[in-house]
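In what follows, a structure is listed as structure tokens, so that the remarks can point back to it.
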Amino acid sequence: MAKIYRSRLRTRVAVISEGSLSAGGGQPPTGATNSALRKLQIAELVGDGLTNREIGERLFLSDRTIGSHLYRIFPKLGIKSRSKLAVVARQTR
């Protein structure tokens, strides 16, 4: 399941960043897409070794919001620790 989730996130990021597709055919990305992109950003920053506070400062979010995103990311990827998320994030780059 983790591979499928990572693959879907990567595909969404690639498609949106290329500008070839956006949610709603030419409309800005939806809230669900923005949330997926945000979770991917957070996972990648964890992979870089940043703390919740440092990630929050970069993304203009509170460290508690970062923690909330991580709480939702872990079960989707089938992991239980921040260090494992860092490994997974580095592998998907």
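The values are calculated or read from the model by the stated rules, or taken from the named source; none is laboratory data. Note that this is a predicted model, so its numbers are computed, not measured. Glycine gets a Cβ as well: all are built from the backbone with ideal geometry, and neighbour counts include every protein chain shown.
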When you go through (1) among the basic types (K, R); (2) outside any helix (DSSP H, G or I); (3) modelled with pLDDT under 70 one by one for R6, which number turns out not to apply?
(2)
Would you mention how many residues in segment 39-58 are at pLDDT 95 or above, exposed (fewer than 14 other Cβ atoms within 10 Å of the Cβ) and closer than 14 Å to A86 by Cα?
1
With the checklist (1) modelled with pLDDT of 90 or more; (2) of a type in the set (A, V, I, L, M); (3) in contact with a helix residue (DSSP H, G or I) (Cβ under 6 Å, 6 or more places away or on another chain); (4) not in a helix (DSSP H, G or I) in hand, flag the one item L21 doesn't pass.
(1)
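With respect to L61, is the statement that it is out of contact with any helix residue (DSSP H, G or I) (no Cβ under 7 Å at 6 or more places or on another chain) and at pLDDT 90 or above true? Steps first, please.
Numbers: out of contact with any helix residue (DSSP H, G or I) (no Cβ under 7 Å at 6 or more places or on another chain): yes; at pLDDT 90 or above: yes.
In short, yes.
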Tally, over segment 31-58, of residues that are of a type in the set (V, I, T) and not in a helix (DSSP H, G or I):
1
